[in-house]
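Okay, structure first, notes after.
The values are calculated or read from the model by the stated rules, or taken from the named source; none is laboratory data. Because the structure is predicted, anything quoted here is derived from the model rather than measured. Every residue, glycine among them, receives a Cβ derived from its backbone with ideal geometry; neighbour counts consider all protein chains shown. Surface areas here come from the heavy atoms of the whole protein model, side chains and all, with no ligands, DNA or RNA. Shrake-Rupley method; radii C 1.70, N 1.55, O 1.52, S 1.80 Å.
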Amino acid sequence: MLAVVTVLVFGLFELLDSDAAVVVLSRRGAGDPSPEQLAVLRAELGLDRPAPVRFFEWLAGFLRGDLGDSLVSGRPVAEVLFDRLSNSAALALLTIVLLIPLALGLGLLAGARPGSRTDRVVSAGALAVESVPPFITGVLLVAITALSLRLLPAVSLVPTGTSVWDRPEVLVLPVICLLAGLSPHPVRIVRAQTAEVTATEYIRTARLNGVGGFRLAWRHIAPNAVSASIHPLAGSVVGLIGGIAVVETLFSYPGVSKELLIAIAARDYPFVQSAAVLLAAFGIVVYLLADLLALLISPRARTLVGAGRW
């Protein structure tokens, strides 16, 4: 998968109608740069070499841990990337810590009694929130909490040299916006799995044998419903990559996704290529952990693995 992402990003960059040399000369006020100016700068940036040579040179450096230098700023890509990565990691970590218990709690609560008032309220609320695009949710949050009520900052600015944890208030609106975009789908999945488990024969048998209440929900319903919902939850966690890009742009949050969008506009290939591979690796690791967690929670899955049928 990493190899596919690497080749795909490089191929898409080669299809663009301009390169970093055009962007750099435009920023220098060169207007419409001449072919001679472009040729000189492309030679300086190494863009005059054949595409396969540039690709394998970047790949060799990446495998050594050298992400190269930005074509626009000249700074090491690793320095720029990891400066921003800590801010994005803080936003993602806080969202995940809230997302998983929220999705599991609401889904289990609604699915434990299908058709009840709680089920209808949770299901309708999740569907309504899921129907609103995240950027609209963000704009409404800014208009209400920041501009009207003046409770929170409208933009998530973090002074240079400080951590986002020094200004935790800048995380509130971005996290709420991410939760609104990512939580409804797993809530509905967990609710559906819980309702399906609740209707099975062995749950009805357990109730007939006097097992009920918290013990039935905790020992029998929740483990089976949660194990079937792990991969949808993992999909929501991976969806943070796209969600954070929207949120960081909307709230001017100094994260890696915002820097990535700037790099794409600037045709900064080394930065985009390195960031894309690292983000793809994040997604692969999340799904791998979801597979392992499903094996840990579900006795049936462990049995299938032991029998060689997984």
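Scan the range 45-73 residue by residue and report those that are touching a helix residue (DSSP H, G or I) at 6+ places or on another chain (Cβ under 9 Å), basic (Lys, Arg) and open to solvent by 50 Å² or more (accessible area, probe 1.4 Å). Answer for the range 45-73, where residues must be touching a helix residue (DSSP H, G or I) at 6+ places or on another chain (Cβ under 9 Å), basic (Lys, Arg) and open to solvent by 50 Å² or more (accessible area, probe 1.4 Å): just 49.
Taken as a whole, the structure places residue 208 among residues that are modelled with pLDDT under 85 and either of a type in the set (A, V, I, L, M) or in contact with a Pro (Cβ under 6 Å, 6 or more places away or on another chain) (or both). (1) open to solvent by 40 Å² or more (accessible area, probe 1.4 Å); (2) not in a loop (DSSP other than H, G, I, E, B); (3) not assigned by the TED database to the domain that holds residue 170: which one isn't true of residue 11, the others all being true? Condition (1) is where residue 11 drops out. None of 235, 239 is in contact with a Leu (Cβ under 6 Å, 6 or more places away or on another chain) and open to solvent by 20 Å² or more (accessible area, probe 1.4 Å) except 239. Note on the range 141-173: among residues that are in contact with a Ser or Thr (Cβ under 7 Å, 6 or more places away or on another chain) and among the β-branched types (Val, Ile, Thr), the one that is surrounded by the fewest Cβ atoms within 10 Å (Cβ to Cβ) is 155. If you go through the range 14-26 and keep only what is part of a loop (DSSP other than H, G, I, E, B) and surrounded by 15 or more Cβ atoms within 10 Å (Cβ to Cβ), you end up with just 19. Taking the numbered list (1) open to solvent by 50 Å² or more (accessible area, probe 1.4 Å); (2) at pLDDT 80 or above in turn, residue 29 passes all entries but (2). Only residues that are among the basic types (Lys, Arg) and assigned to a helix (DSSP H, G or I) were counted across the range 231-288, and they come to 1.
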